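The values are calculated or read from the model by the stated rules, or taken from the named source; none is laboratory data. Computed from a predicted structure; not experimentally measured. Don't worry about glycine lacking a Cβ; one is built from the backbone with ideal geometry, like all the others, and counts go over all protein chains shown. Protein only, heavy atoms only, side chains kept; ligands, DNA and RNA dropped before computing areas. Shrake-Rupley method; radii C 1.70, N 1.55, O 1.52, S 1.80 Å.
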Amino acid sequence: TVFANHLVCNSLGSCEEFIMAGPLRWLRQLPPLLRYSALGIARSSLQAPQNLWGPVLNDCSQSRAWQMLQARHLAAKKAKGQARVNINAALVEDIISLEEVNKEMQAVVEALKEDFGKNVNIRTSPGALDHITVATKDGKFPLNQLGQVSLKSPQLILVNMSSFPDSTAAAIKAIRESGMDLNPEADGPIIRVPIPKVTREHREKLTVLAKQLTNKAKESLRRVRVKAINQTKKAKSTVSEDTIKLIEKQIQQMTDDTSAEMDKLLMAKTKELLG
């Protein structure tokens with residue numbers, strides 16, 4: 001009974017140690033001549049405790065194996081001493097869709113790429129004015145919805161305001177105040193927008209604009225993160241706190257990775273502008 005109680009109370013490692021140590025101590029107490037004859041009896045008797053305690057040891061092993069299996073499913077550690085989370089999205093889909101969170105974050109990256117292409121480009125294109133918003137008496141509208149924007153030459157953009165001639169003055173004001181160093185001129189319903197020569201100063205201004213657009217994109221990224229974290233916290237009553245923390249760590253990791261991707265885009269654009 002004492003042996004059984006000691007076995008149950010100890011961990012798996014101590015159980016095995018006790019089983020082996022008990023018979024050895026017993027053999028040491030026998031006279032030398034009896035020790036060898038008793039050895040055969042001890043060997044055969046050791047098989048009984050193995051069968052007897054097998055279910056106990058198996059339960060311990062299965063419990064540990066199950067805990068390890070859960071840990072492997074939820075997270076994995078990578079090299080260089082830095083722990084990275086790699087949650088199986090299917091295991092937490094009842095709490096949050098990590099795939100949807102990733103799609104929202106990547107949408108922010110794609111929007112930044114589009115902004116760079118339209119607004120931070122040395123090459124002249126009609127899309128360079130798409131981001132300009134015109135304040136009219138009926139509200140605010142994108143310039144390309146009020147007028148037809150076309151490229152006359154690499155040095156000249158035309159905006160045809162024939163559909164909304166009353167908004168021509170407002171459109172000229174918006175173009176002039178866009179921060180692009182443009183000086184539009186009215187020619188009836190047509191707005192002529194001369195494109196200045198690309199100078200070092202202009203390139204530096206575009207670099208500043210690229211940084212501003214990147215910061216704006218990171219703000220959008222943070223909103224996606226906050227939304228995902230808040231949704232995860234709603235499941236606190238149904239899952240463990242460790243699971244919540246693990247999912248939050250995964251979301252933060254996704255945010256950091258996406259932010260690093262934006263920084264790489266900014267570095268590439270800055271190198272393109274300044275050389």
Exercise for review: Tell me, please, whether a residue that is out of contact with any Asp or Glu (no Cβ under 8 Å at 6 or more places or on another chain) and part of a loop (DSSP other than H, G, I, E, B) can be found in the stretch 209-231.
Suggested key: no
Point to revise | From Ala76, Ala65, residue being open to solvent by less than 60 Å² (accessible area, probe 1.4 Å), under 19 Å from the mean Cα position of the chain (by Cα) and modelled with pLDDT under 75 | key: Ala76
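Of all residues being within 30 Å of Leu158 (Cβ to Cβ) and open to solvent by less than 70 Å² (accessible area, probe 1.4 Å) in the stretch 204-238, which is modelled with the lowest pLDDT? Just the residue, please. Outline the logic, then answer.
Restricting attention to the stretch 204-238, the residues satisfying the condition of being within 30 Å of Leu158 (Cβ to Cβ) are 204-210, 212-213, 216.
From the residues that got through so far, the ones that are open to solvent by less than 70 Å² (accessible area, probe 1.4 Å) too are 206-207, 209-210, 213.
On the way: Leu206: 88, Thr207: 93, Leu209: 91, Ala210: 94, Leu213: 95.
For the stretch 204-238, the residue satisfying everything is Leu206.
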Study note, to complete from the structure: Note on the stretch 177-202: residues of a type in the set (D, E, K, R), out of contact with any Lys or Arg (no Cβ under 9 Å at 6 or more places or on another chain) and farther than 16 Å from Ser125 by Cα are Glu177, Asp187, Arg200, Glu201
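So, Arg192, is that one closer than 30 Å to Asn88 by Cα, in contact (Cβ under 8 Å) with a residue 12 or more places away in the chain and open to solvent by 80 Å² or more (accessible area, probe 1.4 Å) or not?
On the way: closer than 30 Å to Asn88 by Cα: no; in contact (Cβ under 8 Å) with a residue 12 or more places away in the chain: yes; open to solvent by 80 Å² or more (accessible area, probe 1.4 Å): yes.
So Arg192 fails the test.
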**Study point:** Checking Ile172 against (1) farther than 16 Å from Ile96 by Cβ; (2) touching a residue at least 60 places away in the same chain (Cβ under 8 Å); (3) surrounded by 16 or more Cβ atoms within 10 Å (Cβ to Cβ); (4) among the aliphatic types (A, V, I, L, M), the condition it does not meet
**Key:** (2)
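Answer yes or no as to whether Thr255 is hydroxyl-bearing (Ser, Thr, Tyr), in a helix (DSSP H, G or I) and open to solvent by 30 Å² or more (accessible area, probe 1.4 Å).
Numbers: hydroxyl-bearing (Ser, Thr, Tyr): yes; in a helix (DSSP H, G or I): yes; open to solvent by 30 Å² or more (accessible area, probe 1.4 Å): no.
No, not satisfied.
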Exercise for review: Test Glu241 against the stated conditions and say whether it is open to solvent by 90 Å² or more (accessible area, probe 1.4 Å) and not basic (Lys, Arg).
Suggested key: yes
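Scan the strands (runs of 3 or more DSSP E) fully inside the stretch 99-169 and keep the ones with 1 or more residues being touching a residue at least 60 places away in the same chain (Cβ under 8 Å) and either among the acidic types (Asp, Glu) or open to solvent by 50 Å² or more (accessible area, probe 1.4 Å) (or both).
Numbers: elements: 133-136, 139-142, 148-153, 156-160.
Fully inside the stretch 99-169 and qualifying: nothing.
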Revision key, fill the gap. Out of (1) open to solvent by 50 Å² or more (accessible area, probe 1.4 Å); (2) in contact with a helix residue (DSSP H, G or I) (Cβ under 7 Å, 6 or more places away or on another chain); (3) of a type outside the set (Asp, Glu); (4) not in a strand (DSSP E or B), the one Leu265 does not meet is (1)
Check your understanding: Do we have any residue at all in the stretch 204-214 that's among the small types (Gly, Ala, Ser) and touching a Ser or Thr at 6+ places or on another chain (Cβ under 7 Å)?
Key -> yes
Review point. Exactly one of (1) touching a His at 6+ places or on another chain (Cβ under 9 Å); (2) free of Cβ contacts under 8 Å to residues at least 24 places away in the same chain is unmet by Ser178. Its number?
Key: (2)
